[in-house]
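> So that we are looking at the same thing, I have put the structure below in structure tokens.
The values are calculated or read from the model by the stated rules, or taken from the named source; none is laboratory data. All values reported here derive from a predicted model rather than from experimental measurement. Every residue, glycine as well, gets a Cβ built from its backbone with ideal geometry; the counts of neighbours run over all protein chains shown.
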Amino acid sequence: MTLRVGFVTGATPDKWARAWRERRREPLALTPVTEDEQLDGVRSGELDMALVRLPVDRDALHCVRLYDELQVVVAGRDHLVAAADAEGVMLADLVDEQLVLPHVSGWTPQADQLAWPPMSAADAVETVAAGTGIVILPMSVARLHGRKDVVTRPVTDLDPTTIGLVWRIDADDERTQDFVGIVKGRGANSTRG
């Protein structure tokens, strides 16, 4: 029986998928999911597990925190952000900017914001590459949509985002526990603990 694992944009399940294939006979199917829909497949039963960006509603779900990632500001190569130190900027440095995609924290610059149409992260990076505004994204998402005409700088006073693994409490079985063991770094012969 195939283990079906969703993964949110930016998560990289490849090393865990390789370990699964080395240890188990059952196939593993990886399915990309959007952040807005990252729990839908798990809750509906279409997916057995998902790598998600926390926080999420954990009602009836197991959740294991896996790793944190920096949040970065993405701006056009000619933007003032490009002149900032590679070690990063603070939100106070961005208060006069146009934020082309709402930030998950709810933070908004003090400058009057334009009414941006809904857009994906890829569309937001394309918009800032044209020299209009900024976007703040998890580093992995910014890298995924990276271009030569944009720069990224860490936002040092934003908490990192966290990737976690979720699965339904009522669907906890040997297969899911084996995958949990893999993502937690347990060896093939180790016991759960």
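> I'm trying to understand the selection: among the residues of region 29-45, which are more than 19 Å from residue 69 (Cβ to Cβ) and surrounded by 19 or more Cβ atoms within 10 Å (Cβ to Cβ)?
39, 42
> While we're looking at this one, here's another question. Is it fair to say residue 127 is in contact (Cβ under 8 Å) with a residue 24 or more places away in the chain, more than 25 Å from residue 54 (Cα to Cα) and outside any strand (DSSP E or B)?
yes
> Moving on to the next point. Name the residues in region 1-20 that are within 18 Å of the chain's Cα centre (by Cα), within 18 Å of residue 175 (Cβ to Cβ) and not hydrophobic (A, V, I, L, M, F, W, C), would you?
Across region 1-20, the qualifying residues are 6, 13.
> Also, quick follow-up: Checking residue 103 against (1) surrounded by fewer than 20 Cβ atoms within 10 Å (Cβ to Cβ); (2) more than 22 Å from residue 132 (Cβ to Cβ); (3) touching a residue at least 24 places away in the same chain (Cβ under 8 Å), which test does it fail?
Exception for residue 103: condition (2).
> Now, a different point. Looking at residue 72 and the list (1) farther than 17 Å from residue 128 by Cβ; (2) under 14 Å from the mean Cα position of the chain (by Cα); (3) hydrophobic (A, V, I, L, M, F, W, C); (4) buried (at least 18 other Cβ atoms within 10 Å of the Cβ), which single condition is not satisfied?
Among (1) farther than 17 Å from residue 128 by Cβ; (2) under 14 Å from the mean Cα position of the chain (by Cα); (3) hydrophobic (A, V, I, L, M, F, W, C); (4) buried (at least 18 other Cβ atoms within 10 Å of the Cβ), residue 72 violates only (1).
> Turning to a different aspect of this structure: Mind telling me which of the residues 124, 142 ends up being crowded, with 19+ Cβ neighbours inside 10 Å, closer than 19 Å to residue 88 by Cα and at pLDDT 95 or above? Give the steps one after another, and end with the answer.
Numbers: 124 fails: closer than 19 Å to residue 88 by Cα.
The match here is 142.
> Can you spot a residue in region 39-52 that is of a type in the set (D, E, K, R), part of a helix (DSSP H, G or I) and within 25 Å of residue 159 (Cβ to Cβ)?
No: region 39-52 contains no residue that is of a type in the set (D, E, K, R), part of a helix (DSSP H, G or I) and within 25 Å of residue 159 (Cβ to Cβ).
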